[in-house]
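Take a look at the structure set out below.
The values are calculated or read from the model by the stated rules, or taken from the named source; none is laboratory data. Quick caveat, the model's predicted, so the values are computed rather than measured. So basically every Cβ, Gly included, is an ideal-geometry build from the backbone, and we count neighbours across all protein chains shown.
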Amino acid sequence: MAVPGPTSFEDLRTVNGTKYDSNREACVALGLVINDKLYEDTLFEAINHSNPNQFRYLFARLLAHCDLGNPLELFDKFEENLIKDLLKKWGKEDAKKVAWRRIVKSMLNQDKQLSDYPELQAYMNEIGMQEEATLDLKALSEKGMNMYNTLTPSEQRPVVDTVIEQLKNPTKEGLCIFVDGPGGTGKSYTFNTILNLALGMGKKVLIMAWSGIAASLYPMGRTCHNAFKLDFPFENDSNSSLKPSSEHGKMIQEADLIIWDEFPMAPRHALEVIDDKLQEIMGNTVTMGGKILCTGGDFRQCCPIIENATTEETINASVCCSPLWKEFQKFILTENKRALEDEVEFKKMILSVGDGTFGDNPDFIEIPEQCKSKGDIVQE
């Protein structure tokens with residue numbers, strides 16, 4: 001603290017004649033640290049753009065990555081928005097406890113320690129961290145079956161059938177599958193169907209993706225870096241710091257199913273590190289520790305990013321070049337569920353670009369005339 005010539009600790013906590021109760025409050029008054037007003041403004045801005053679940057996640061992000069001065073007080077200011085949906089099932093006080101449990105659980109998943117907030121830690125010790133029974137297994141199962149009935153019988157349903165059968169009758173060899181398909185063919189919808197059916201069976205599911213954006217599309221989604229404590233940035237010599245005996249390690253050990261979306265974005269080294277870690281956690285030498293691993297993505301899209309790499313080096317970094325690739329059962333989705341009828345030709349063109357067959361030279365792409373702006377691009 002920048003106080004010239006202090007004579008006591010009380011003197012250190014005195015700013016412009018006002019004695020503060022804590023060093024932090026004095027630092028805020030001196031302008032040495034950011035107070036919670038900045039975070040209040042962030043939350044106020046988010047009120048009209050997020051549902052209660054998203055709002056709680058934002059609160060957890062602030063707890064995990066910012067130095068909140070008084071999280072309990074900040075919670076009270078936004079209590080209505082944080083517990084609004086929970087009031088349908090719980091009374092106000094119970095809803096508040098449920099909200100805090102979910103927020104703290106999300107914060108801990110982002111590698112923040114509860115001990116960093118002593119007052120919050122004391123409150124959580126008082127109310128307990130026991131997870132409330134929030135999953136309606138019957139509703140999830142019904143939702144999963146309704147989604148299943150809309151799947152294409154020849155392409156999507158075999159994926160779901162294979163995973164669910166393995167969940168019902170697990171083998172020590174486990175199961176690794178890869179669902180291939182261009183954007184719009186229903187990979188995410190298929191994964192969500194599996195997720196709902198598995199949760200409806202009372203199974204524990206870990207769902208992750210290589211990028212944060214892809215992970216955010218799923219309930220309970222997280223990045224691979226977070227799920228397996230991978231080094232960041234992840235390089236050729238990177239590893240996992242996950243300890244099998246930790247709470248996080250036990251969570252992975254108990255998972256019945258792992259869903260990994262945007263799989264082709266990950267470098268093969270990440271796949272191999274995760275394979276080693278799963279074997280360590282499960283105490284065996286079976287591929288992926290004998291887990292059920294359901295992966296998916298499109299190799300036409302973003303490949304692993306290797307700085308200053310040649311084309312050959314980039315290809316070699318792909319998961320399909322890993323010795324583990326032969327262990328995966330492959331499924332292919334081809335029917336585009338997203339494209340409109342009048343976009344058939346455009347869809348074919350995009351696919352040909354991804355397949356490297358568009359134009360005379362696959363290294364160059366000529367922009368179609370209808371995609372070129374000939375005037376004010378904003379008005380067009």
* To do: Look through region 283-332, keep the residues that are among the acidic types (Asp, Glu) and in a helix (DSSP H, G or I), and return whichever of them is modelled with the highest pLDDT.
  => Glu327
* To do: Could you tell me whether any residue of region 97-110 is modelled with pLDDT of 90 or more and more than 22 Å from the chain's Cα centre (by Cα)?
  => yes
* Go through the residues of region 229-242 one by one and say whether even a single one is closer than 25 Å to Gln166 by Cα, surrounded by 19 or more Cβ atoms within 10 Å (Cβ to Cβ) and within 15 Å of the chain's Cα centre (by Cα). => no
* Does region 289-302 contain at least one residue that is in the same structural domain as Val159 (by TED's automatic domain parsing), surrounded by 13 or more Cβ atoms within 10 Å (Cβ to Cβ), farther than 25 Å from Asn192 by Cβ and touching a helix residue (DSSP H, G or I) at 6+ places or on another chain (Cβ under 7 Å)? -> no
* To do: Please name all residue pairs, on different chains or six or more residues apart, with Cβ atoms under 7 Å, provided the first residue is in region 153-165 and is outside the structural domain of Cys294 (by TED's automatic domain parsing) and part of a helix (DSSP H, G or I) and the second residue is among the hydrophobic types (A, V, I, L, M, F, W, C) and modelled with pLDDT under 95.
  => none
* Every residue from region 222-250 that is in contact (Cβ under 8 Å) with a residue 24 or more places away in the chain and closer than 23 Å to Gln54 by Cβ -> Arg222, Cys224, Asn226, Ala227
* **Neighbours by Cβ (under 8 Å, 6+ apart or cross-chain): first from region 278-290, free of Cβ contacts under 8 Å to residues at least 60 places away in the same chain and within 21 Å of Lys326 (Cα to Cα); second of a type in the set (A, V, I, L, M, F, W, C) and assigned to a helix (DSSP H, G or I)** => Leu278/Ile252; Leu278/Met288; Gln279/Met288
* Among residues of region 183-235, those that are in contact with a strand residue (DSSP E or B) (Cβ under 6 Å, 6 or more places away or on another chain) and either of a type in the set (Phe, Trp, Tyr) or in a strand (DSSP E or B) (or both), counted -> 10
* May I ask you to list pairs of residues, at least six apart or on different chains, whose Cβ atoms are under 7 Å apart, with the first in region 65-78 being over 15 Å from Ala122 (Cβ atoms) and the second being buried (at least 16 other Cβ atoms within 10 Å of the Cβ) and among the acidic types (Asp, Glu)? => Leu68/Asp36; Gly69/Asp36; Leu74/Asp36
* Asked: What residue, of Lys168, Lys187, Lys143, Lys138, is crowded, with 18+ Cβ neighbours inside 10 Å and more than 21 Å from the chain's Cα centre (by Cα)?
  -> Lys143
* Asked: Inside region 253-270, can you point out the residues that are surrounded by 23 or more Cβ atoms within 10 Å (Cβ to Cβ) and assigned to a helix (DSSP H, G or I)?
  -> Phe263, Ala270
* Any residue in region 363-375 that is at pLDDT 75 or above, in contact with a strand residue (DSSP E or B) (Cβ under 7 Å, 6 or more places away or on another chain) and part of a helix (DSSP H, G or I)? -> no
* Asked: Mind checking whether some residue in region 196-212 is more than 16 Å from Gly296 (Cβ to Cβ) and without any contact (Cβ under 8 Å) to a residue 24 or more places away in the chain?
  -> yes
* To do: Being buried (at least 21 other Cβ atoms within 10 Å of the Cβ) and either touching a Leu at 6+ places or on another chain (Cβ under 7 Å) or among the polar types (S, T, N, Q) (or both) narrows it down to one of Ile194, Ile207, Ile274, so name that one.
  => Ile207
